[in-house]
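Visitor: I'd like to ask some things about the structure below.
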């Protein structure tokens, strides 16, 4: 076969393969005829709510078409109220010392209570006003503590091995092993 | 200019405009006649996406209901066909995603790419006699194994119902990209067929 004929053969095979690809892919998207499908779809369609129906309802005096508008206006009003509300925080200035209240009778112990016990709020009893304590001009020796002496620094002196106390040498007593009575009676007979 | 073009198109196809106007008033029969002319093409579009005729018909029904509900959003009644095809394509894609997620969730062995190929016609055409069953099955499997970006425009073009511009509008891609994807799909198919022993004798 000449090269020209071989090239023509290859081109023919190339075209045949392309035609085969086109044919198979066309069959892959081929559908069976279904003449009643359009009517089945049309009969199963739901009711439409088109713009024309909304306009007809508006001219008929109904206000259902205004519901989205009312909802939008209400949302805008709510958003405006939310934005314009008083968001200022109360002042955080310190209270004057005269407002300090003495707390008396705070329990500092926890009492074990049996389960099932019902606690009831007791009425608050009125307390007598506490007289203000006058500041003392002289030192209060009854409540003050004695001053603590300053700590001295810890000093460790150098120590040579010759200064260590001599210890006596370790002496072991000789171990004495007594002779064992190795006789014929020591072995059990077989 | 747009108004003029619209009026010209309306004059070219007044029946579509009349049916759209009737359907907008709630006339189901008018809508049925409106989609009847495009139903075969719509089923092919859906079949290109989902791969199974039963799923394709389900997608077309869902798309038809959606088009019926949104008919007021169709600005140009003469563009009903392209508008309807885009809805069909989107519904078919939704169905394909849901089917894939279903198979992934339940671990079925018959995934979307592994399901057997169903041909609508059992009796082959005179041209089909030239193709062996082995080669046809190999081509179909290779096409189904293509990535969706290549397979979708290739199958839509193979249906013969749409121009490149319509496919580009349907898929939301530039026309140049669509042309490249179709050519690339053909190149990949030929390369894989060559590996399977069905390529050109060299």
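The values are calculated or read from the model by the stated rules, or taken from the named source; none is laboratory data. The structure presented is a predicted model; accordingly, all values stated were derived computationally and were not measured. All Cβ positions, glycine included, derive from the backbone under ideal geometry; neighbour counts span all protein chains shown.
Visitor: Test each condition in (1) buried (at least 20 other Cβ atoms within 10 Å of the Cβ); (2) farther than 19 Å from residue A:43 by Cα; (3) more than 8 Å from every other protein chain (Cβ to nearest Cβ) for residue B:42 and report the one that comes out false.
Guide: Here residue B:42 clears every test but (2).
Visitor: Just give me the residues in segment B:131-170 being in contact (Cβ under 8 Å) with a residue 40 or more places away in the chain, in a helix (DSSP H, G or I) and away from every other protein chain (no Cβ under 12 Å), in sequence order.
Guide: B:166, B:169, B:170
Visitor: Could you grab me the full set of residues in segment B:35-84 that are over 28 Å from residue B:147 (Cα atoms) and not in a helix (DSSP H, G or I)?
Guide: Across segment B:35-84, the qualifying residues are B:37, B:70, B:74, B:75, B:76.
Visitor: If you don't mind, there's one more thing I want to ask. Please determine, by comparing only the residues of segment B:66-87 that are without any contact (Cβ under 8 Å) to a residue 40 or more places away in the chain and under 18 Å from the mean Cα position of the chain (by Cα), which one is surrounded by the most Cβ atoms within 10 Å (Cβ to Cβ).
Guide: So the residue we want is B:67.
Visitor: For the condition modelled with pLDDT under 70 and surrounded by 10 or more Cβ atoms within 10 Å (Cβ to Cβ), what is the one hit in A:98, A:50, A:91?
Guide: A:50
Visitor: Taking segment A:15-42, which residues are more than 7 Å from chain B (Cβ to nearest Cβ) and at pLDDT 85 or above?
Guide: Listed by number, the residues that qualify are A:18, A:19, A:40.
Visitor: Return only the number of the condition from (1) within 14 Å of chain B (Cβ to nearest Cβ); (2) assigned to a helix (DSSP H, G or I); (3) at pLDDT 85 or above that residue A:75 does not satisfy.
Guide: (1)
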